[in-house]
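The values are calculated or read from the model by the stated rules, or taken from the named source; none is laboratory data. Model, not experiment: these values are computed from the prediction. Note: ideal-geometry Cβ built from the backbone for every residue, glycine included; neighbour counts use all protein chains shown.
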Amino acid sequence: MRPLAFVDLETTGATASRDRITEIGIVEVDADGEVREWQQLVNPGVPIPPFIEQLTGISNAMVAAAPSFAEVAEETLRRLDGRLFIAHNARFDYGFLRNEFRRLGIAFRAPVVCTVKLSRALFPEQRRHNLDTLIERHGLAADARHRALADAQLIHQFWQKIHADLDHERIAAALREQNANPTLPPHLDPALVDELPDGPGVYLFYGDDERLLYVGKAKNIGQRVLSHFAADRRTAREMALALEVRRIDWIETAGEVGAGLQEALLIKRLQPDHNRLPRRPDETCTWTLVDEGEGWLRPQLAMAAEHDFGVHSACYGLFKTPKEATTVLRTLAAGHQLCDALLGLAPRTIGQPCPAYAGKRCKGACVGHEPFARHSMRLVGALSRLKLVSWPFPGLGIIREGGEVHLIDGWRYLGTARSETELHELQAGARPPFERDIYKLLVKLVGRLQPLCRS
C-alpha cells in the first residue's frame, strides 16, 4: 500500500494567495498500515476574522503564542514527503500549503486525491458530498468538526469505509479518472496544473512580449483555464488563442460577484486582444423625460459622462450610441402612434402636424387632437419596459461576499475592500465613470445590495 497523508487545514479565509493557515491536521498511514496523527496550531501573522473564529473555534488568543508556518514548515514537509495527499476539497488545502511553502522559497508538489470528487464518482446518485453529509451517510464518528485533526480523521474514516464496503477495482478506476493529467500546450509549464486555484476569480493569458491576449472570469479558475486547452475546443478562435498563450496569471476573489466586477474592469482598462471590447463609457446613453409643461413630457438623451443613470431621475434604456437610442425611440413611436414632433424626432411648429400624423402614425397631439397628458401617458407606457432599475439608496451601497466588501455608488463600482481601512480609502478615491457592463452585472444582484452604514 502506498503511504498516505490525510490532511485538513483551518485558515483565516478562503483565498490561498491572501489568507493564512491557523491549524494543520495530518493523519499519516504508512505502507504497513501504521497510523500517526499530528496537529499544530499556527500563528497566521494576521487577525482571524470573527466569523472564522465562530466557525472553527480558533481564536486570536489561541494562536498568539503558536509558531509561524515558517517554524513548522520543515516538520510539515517531513510528514507529507512521499505520501499521497488526500483531502476533502483537496485543491483548497493543497493550494494553501503550496502558497505557504512558496513564500519560503520551497517548491512543494505531491500527488493529490480529493475525497469530494471521489465521493461523487462512487456515489453519483447522491446530490451532496460535503463532510457533514458523509458523516451522516457513512456513519463516521465526528469528535469535533472544523478543527484540523478531527476533520483529517473523518477523511481517513471515509477512506477506510469505502475500502471496506466497495470493490477495490471500482475505487481504483475512480482514482485513475480523477488523476488523469490535463493536456497543456508544450510551451506552458506542466506544474501550472497544480498551481491553478480551484476558487473564483479572473485569469489573464499573455502571449509573446507579455502582450495581454485575454481576460476571463471563472467560478473555478483551474477548471476554466484548463478547458481552454481541452482537445474538444469547438471554435477556431479558441484554438488560435490557446496556441498564442505563453504565460498565465490570475487574481483570486471571494466569489463570483468579485470575479465579474474584476473582469469587467480589467477588460475596459487593459483592452486584451481577444476579448470583445465594450464601447467607451462616453458613448453610453439613456432616455430621460423633461417636463415641458401642460402635461407634455419630452424625451431627452442623457450621456453617461453627464448623468447619474437611475439615481436622480427615471432612465429608459441603456444604449451603446445615440444613434441606437434614436432608432429605438423611432420604433416605439411607430408602434404606439406617438408624435414625432413631441418626441423631438422632427421639428415642431405649433398648429402644424408632424410627419407621422400625415401617415396616420400619430394620434394628433401635435395639432390638438390628443391632450399632451394622454400622449405622455402613452409614451411612459411604451418606455416602461426599458426603464432602468433605480439606485435604491440615498448614498453608497455594498455587496458582501465572503471576507470582501464591494463598494458601489449609483451603479458605479468603486472597488473591493478587505478591511475597514481599505473601505475608507475607496470612499475617498475618485468616482469612476458609469459602465454599462457593470450596471448589467449589478442590477441582477440588487437583492444583495445593502446601504453602507457610515461609522
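Restricting PRO190, PRO185 to residues that are closer than 30 Å to LEU266 by Cβ and either in contact (Cβ under 8 Å) with a residue 12 or more places away in the chain or among the polar types (S, T, N, Q) (or both) narrows the list to PRO185.
When we screen GLU263, GLU283, GLU244 for residues that are surrounded by 17 or more Cβ atoms within 10 Å (Cβ to Cβ) and within 22 Å of the chain's Cα centre (by Cα), the only hit is GLU263. Scanning region 312-335 for residues that are among the aliphatic types (A, V, I, L, M) and surrounded by fewer than 18 Cβ atoms within 10 Å (Cβ to Cβ) yields ALA314, VAL328, ALA334. Reported count of residues in region 198-241, each being at pLDDT below 90 and more than 26 Å from PHE92 (Cβ to Cβ), is 11. Where strands (runs of 3 or more DSSP E) sit wholly within region 389-454, those with at least 1 residues that are among the aliphatic types (A, V, I, L, M), in contact (Cβ under 8 Å) with a residue 60 or more places away in the chain and more than 23 Å from ALA305 (Cβ to Cβ) occupy 397-401.
If you take the residues in region 30-49 that are farther than 18 Å from LEU97 by Cβ and of a type in the set (Val, Ile, Thr), which one is nearest to the chain's Cα centre (by Cα)? Top of the filtered list is ILE48. Within region 1-13, the set of residues being modelled with pLDDT under 95 and surrounded by fewer than 19 Cβ atoms within 10 Å (Cβ to Cβ) comprises MET1, ARG2. Each residue in region 25-42 was checked for being modelled with pLDDT of 95 or more and touching a Lys or Arg at 6+ places or on another chain (Cβ under 9 Å), and 10 pass. Taking region 107-156 as the range and being over 29 Å from GLY82 (Cβ atoms) and of a type in the set (D, E, K, R) as the test, the residues that pass are GLU125, ARG127, ARG128, ASP132, GLU136, ARG137, ARG145. Checked against the criterion of being among the small types (Gly, Ala, Ser) and in a loop (DSSP other than H, G, I, E, B), region 210-223 contains not a single residue that satisfies it.
The set of residues from region 1-55 being without any contact (Cβ under 8 Å) to a residue 40 or more places away in the chain and of a type in the set (Asp, Glu) comprises ASP30, ASP32, GLU34, GLU53. Within region 361-380, does at least one residue satisfy the condition of being under 30 Å from ARG269 (Cβ atoms) and modelled with pLDDT of 95 or more? No, there is no match, as no residue in region 361-380 is under 30 Å from ARG269 (Cβ atoms) and modelled with pLDDT of 95 or more.
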